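Participant: Please see the structure below; I have some questions.
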Amino acid sequence: MIEAGARRREIDEVASELFHANGYAATSVRDIAKALDIQGASLYAHVASKEDVLFSIVNRAATDFEAAATAAEAERTSGDPVERLAALVEAHVDVVTSDPERASVFVTEWRHLSADRRAAVADRRDAYERRFRATIEEGMSVGAFRQTDPAIAATFILTALNGIAGWYHPDGRLSADRIADHYVDLALRALSEDHR
């Protein structure tokens, strides 16, 4: 017999894979139950609705991104915005590559949540984006980054980082660490070089 907490995590993992592969709207509760080899009615002993499963996945992913960013910022005590941005990029890549299916669901499927839940997730996403924007603003103020629109720059970097979830595979050509190195290099070059 599977312990309730373990079953709940298993439901989220299987649902993440299905939502990533097929999309939230195209995945039914029956699909999730079938993948778990249980009856659809049995699934409702663990979750109230398909949306609750989506919210659990999205909420956990948001918490992982926030925790990784907080840890990355805490490790960079020098106050150097270049180092801090590099650490934020590395942390984001680490979260995406550690569970690309869940990251993909977080990035693409959260809009299927009910209005209240969607607003709560949007607030968390905005707060997370502000970490990048504040670091870019600080870098611009000390001359480490060229002058640009910090909100657009943060969105540009995060859009590129979130795209990793769509193509990353653990057995791919590059390790997660090498991908992080490349993305750090590209992000810093984009902000420090004049491309005109």
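The values are calculated or read from the model by the stated rules, or taken from the named source; none is laboratory data. Predicted, not measured: the structure shown is a model, and the values here were computed from it. Here Cβ is always computed from backbone atoms with ideal geometry, including for glycine, and neighbour counts include all displayed protein chains. Surface areas here come from the heavy atoms of the whole protein model, side chains and all, with no ligands, DNA or RNA. Shrake-Rupley method; radii C 1.70, N 1.55, O 1.52, S 1.80 Å.
Participant: Which ones in the stretch 6-27 are over 17 Å from SER56 (Cβ atoms) and either charged (D, E, K, R) or surrounded by 13 or more Cβ atoms within 10 Å (Cβ to Cβ) (or both)?
Facilitator: Residues of the stretch 6-27 over 17 Å from SER56 (Cβ atoms): 21-23, 25-26.
The one that is over 17 Å from SER56 (Cβ atoms) and either charged (D, E, K, R) or surrounded by 13 or more Cβ atoms within 10 Å (Cβ to Cβ) (or both): GLY23.
Participant: Ok, one more. Would you list the helices (runs of 4 or more DSSP H) that sit entirely within the stretch 105-196 and hold 2 or more residues that are surrounded by 13 or more Cβ atoms within 10 Å (Cβ to Cβ) and in contact with a strand residue (DSSP E or B) (Cβ under 9 Å, 6 or more places away or on another chain)?
Facilitator: none
Participant: While we're on this one: Assuming ALA26 fulfils every condition listed in (1) within 24 Å of GLY166 (Cβ to Cβ); (2) out of contact with any Leu (no Cβ under 7 Å at 6 or more places or on another chain); (3) at pLDDT below 95; (4) not basic (Lys, Arg) apart from one, which condition is it?
Facilitator: Of (1) within 24 Å of GLY166 (Cβ to Cβ); (2) out of contact with any Leu (no Cβ under 7 Å at 6 or more places or on another chain); (3) at pLDDT below 95; (4) not basic (Lys, Arg), only one is false for ALA26: (3).
Participant: Looking only at residues that are over 16 Å from the mean Cα position of the chain (by Cα) and in contact (Cβ under 8 Å) with a residue 40 or more places away in the chain in the stretch 50-59, which one is least open to solvent (accessible area, probe 1.4 Å)?
Facilitator: Filtering the stretch 50-59 down to residues over 16 Å from the mean Cα position of the chain (by Cα) leaves 50-53.
Still in the list and also in contact (Cβ under 8 Å) with a residue 40 or more places away in the chain: 51, 53.
Working: GLU51: 44, VAL53: 2 Å².
Of everything passing the filter in the stretch 50-59, VAL53 is least open to solvent (accessible area, probe 1.4 Å).
Participant: If ILE57 passes every condition in (1) under 24 Å from ALA6 (Cβ atoms); (2) of a type in the set (Val, Ile, Thr); (3) out of contact with any Phe, Trp or Tyr (no Cβ under 9 Å at 6 or more places or on another chain) but one, which one does it miss?
Facilitator: Result: ILE57 passes all but (3).
Participant: Within the stretch 60-104, restricting attention to residues that are among the hydroxyl-bearing types (Ser, Thr, Tyr) and open to solvent by 40 Å² or more (accessible area, probe 1.4 Å), which residue is farthest from the chain's Cα centre (by Cα)?
Facilitator: Taking the candidates together, the pick is SER78.
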